[in-house]
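Student: One structure coming up, written as structure tokens, with questions to follow.
The values are calculated or read from the model by the stated rules, or taken from the named source; none is laboratory data. In this text, all values refer to a predicted model and were calculated from it rather than measured experimentally. Positions of Cβ are backbone-derived with ideal geometry, glycine not excepted, and every protein chain shown enters the neighbour counts. Accessible surface areas use protein heavy atoms only, side chains included; no ligands, DNA or RNA. Shrake-Rupley method; radii C 1.70, N 1.55, O 1.52, S 1.80 Å.
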Amino acid sequence: MSVPRSVYRKRIRRAQEQMESAGIDAFLALSLENYRYFTGDVRKQPRMFIPANDEPFVIVFESEIEEAERKTGLEAKGYRALHEMIGHVVSFLNSLDTETPTVAVEMEFSTPAFLLERFRMANPHVEVVDAKQIVAPLRKFKDRYELDFMRKAGKLADIAMEKALELLRPGVSEREIALEVEYHVRKKGAERLAFPMFVNSGERSLWLHGLATDRKIEDGDVVLIDVGPVYEGYCADIARTFVVGNATEEQRRVHRAYVEMQEKTIEAIEGSKGEVSVLDLERRNAEFLKSVGFGDSYVRGFVHGIGLNFEETPFPTIFPEDLREIIEKDMTLSVGHSVLSVRGVGGFRVEDTIYVGEKVERLTTFTRELLEV
């Protein structure tokens, strides 16, 4: 589905409204995700300024000017050397009708500390603030174009998990599974994976995070697989847990508890009508696991936002203040992010991507049974 340019202009206007309300003079977008959100264009190391009261523009390598203007519909300023790019930034900031302009800059994973420090050195008169207050209120709600992309990403996530199940057997390495799954899902239409795929087997299933190593799968292993295909910039996230061989009754019990916790969380979201917070969901989950004997194993961070980033607002594992975020209509969420790690049994996760509409729509639908392979 082609997104009309008017959609991007509307997003820019809404960002400008947020900036005026917060007393911010300009927003400097440095991440591909925000650049793509406001332009629809894809560019390595994007630079885009959105003034509160003027036309936005992009800064690109000089040979990219015509292409960038054609794809974004915005003015593009060119450079051939670093000092020329910095010159565009300084010139723009000096043109603002204030001695101490306030500029919002992304302060999450996309902006390295050295880049932020260099910006401050070049513009000592500028007050730098976090751009989250501008972008998060817009991006956490998905329009129909974004939802269409996420539905397609969700289908690719199911395809990825089907391939993982096909490959999973004793003797194959975690890395082989990850390589073959990524190759397969990219051939099916994914532009990339949002994060390095988890294939956590044996004792490594207990890990909080994950990756894929050269460890070979063994009979009796619990294997936790997490994969996040990206379609047109938008992510889906799916995680499932498998047992190689016959699952023990305790493994079945832990897995059942996780699936029930996920189901209860989705039911609470669907029934809340915009009145449940992320913290409410965390408290309910902690109480539920306590009631079934796994209270000491609960890890917060069960729900987070997902979209152009595989983790975005609400993002409680990095920003505790996001626990106060209310789950509302038109959000897309990952449900089942945290591991239920039980020593001597294994680590279990069942994660799905959902859309909060009038009812909850599951964008990932691969079976949630504990599969024995």
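Student: At a Förster radius of 25 Å, what calculated FRET efficiency corresponds to the Cβ-Cβ distance of residue 127 and residue 53, to the nearest 0.05?
Tutor: 0.90
Student: Using Cα springs under 10 Å in a Gaussian network model of the chain, which residue among 192, 144, 36 shows the largest mean-square fluctuation?
Tutor: Evaluated over the chain, the most mobile residue of the options is 144.
Student: Something else now. Keeping every protein chain in place, order 215, 11, 47 by accessible area at 1.4 Å, biggest value first, i.e. largest first.
Tutor: The most accessible residue leads, giving 215, 47, 11.
Student: Let me ask something else. Could the peptides 108-121, 127-140 be put in order, highest first, of the mean number of other beta-carbon atoms found within 10 Å of their residues?
Tutor: Put in order of decreasing packing, that is 127-140, 108-121.
Student: Efficiency by 1/(1 + (r/R0)^6): what FRET value for residue 264 and residue 90, r their Cβ-Cβ distance, R0 = 41 Å, to the nearest 0.05?
Tutor: That pair, residue 264 with residue 90, gives E of 0.15.
Student: By its C-alpha gyration tensor, with a ≥ b ≥ c as the square roots of the eigenvalues, how is the stretch 1-64 shaped: rounded for a/c under 1.5, else prolate for a/b larger than b/c, else oblate?
Tutor: The shape class here is oblate.
Student: So, one more: What figure in square angstrom, to the nearest 10, would you give for the accessible area of residue 155 with a 1.4 Å probe?
Tutor: Probe radius 1.4 Å; accessible area of residue 155 about 140 Å².
Student: Would you be so kind as to identify which of 165, 236, 294 lies farthest towards the positive end of the dipole of the chain, taking Lys and Arg as +1 and Asp and Glu as -1 on Cβ and the Cα centre as origin?
Tutor: Towards the positive end, the residue furthest out is 165.
Student: Please identify the trypsin sites (Lys or Arg not before Pro) of the stretch 307-373 that satisfy two criteria: DSSP loop assignment and at most 16 other Cβ atoms within 10 Å. Which are they?
Tutor: Hits after loop and neighbour filter: 329, 343, 359.
Student: Moving on to the next point. In whole Å, what is the distance between the alpha-carbon centres of the stretch 239-274 and the stretch 115-182?
Tutor: Cα centres, the stretch 239-274 to the stretch 115-182: 24 Å.
Student: Right, another one. If you build a Gaussian network model of the chain, linking Cα atoms that sit under 10 Å apart, which residue out of 39, 332, 353 swings the most?
Tutor: The residue with the greatest mean-square fluctuation here is 39.
Student: Moving to a separate point now. Show that you can apply the helix-only estimate: for the chain, add -39,500 (n - 2.57) for every DSSP H stretch of four or more residues, divide by all residues, and state [θ] at 222 nm to the nearest 500.
Tutor: The per-residue figure over the chain is -12500 deg cm²/dmol.
Student: Filter 188/216; 44/140; 163/216; 155/188; 10/77 down to the pairs with a C-alpha to C-alpha distance above 19 Å, please.
Tutor: With Cα atoms farther than 19 Å apart: 188/216; 44/140; 10/77.
Student: For the stretch 220-324, report the translational diffusion coefficient in µm²/s to the nearest whole number, using Stokes-Einstein at 25 °C, 0.890 mPa s, and a Kirkwood Rh over Cα pairs.
Tutor: D = 159 µm²/s.
Student: Report, please, the projected area of the stretch 295-364 averaged over directions, based on the convex hull of its C-alpha atoms, in nm².
Tutor: Hull-based average projected area comes out at 5.6 nm².
Student: Quick one: if you take sqrt(5λ) for each eigenvalue of the C-alpha gyration tensor of the stretch 1-126, what semi-axes come out, biggest first, whole angstrom?
Tutor: So the equivalent ellipsoid measures 22, 18, 14 Å along its semi-axes.
Student: Still on this structure: Provide the packing ranking of 70-82, 305-317, 220-232, i.e. peptides ordered by the mean count of other C-beta atoms within 10 Å per residue, highest first.
Tutor: The most tightly packed comes first, giving 220-232, 305-317, 70-82.
Student: Multiply the residue gap between residue 291 and residue 173 by 0.36 nm, knock off their C-alpha separation, and tell me the result in nm, one decimal place.
Tutor: Gain on stretching residue 291 to residue 173: 38.8 nm.
Student: So, one more: Please work out the FRET efficiency for the pair residue 13 and residue 272, using the Cβ-Cβ distance as r and a Förster radius of 30 Å; give the result to the nearest 0.05.
Tutor: The formula returns an efficiency of 0.50 here.
Student: Continuing with the same structure: Counting DSSP beta bridges in the chain, what percent are antiparallel, to the nearest 5?
Tutor: Bridges in the chain that DSSP calls antiparallel: roughly 75 percent.
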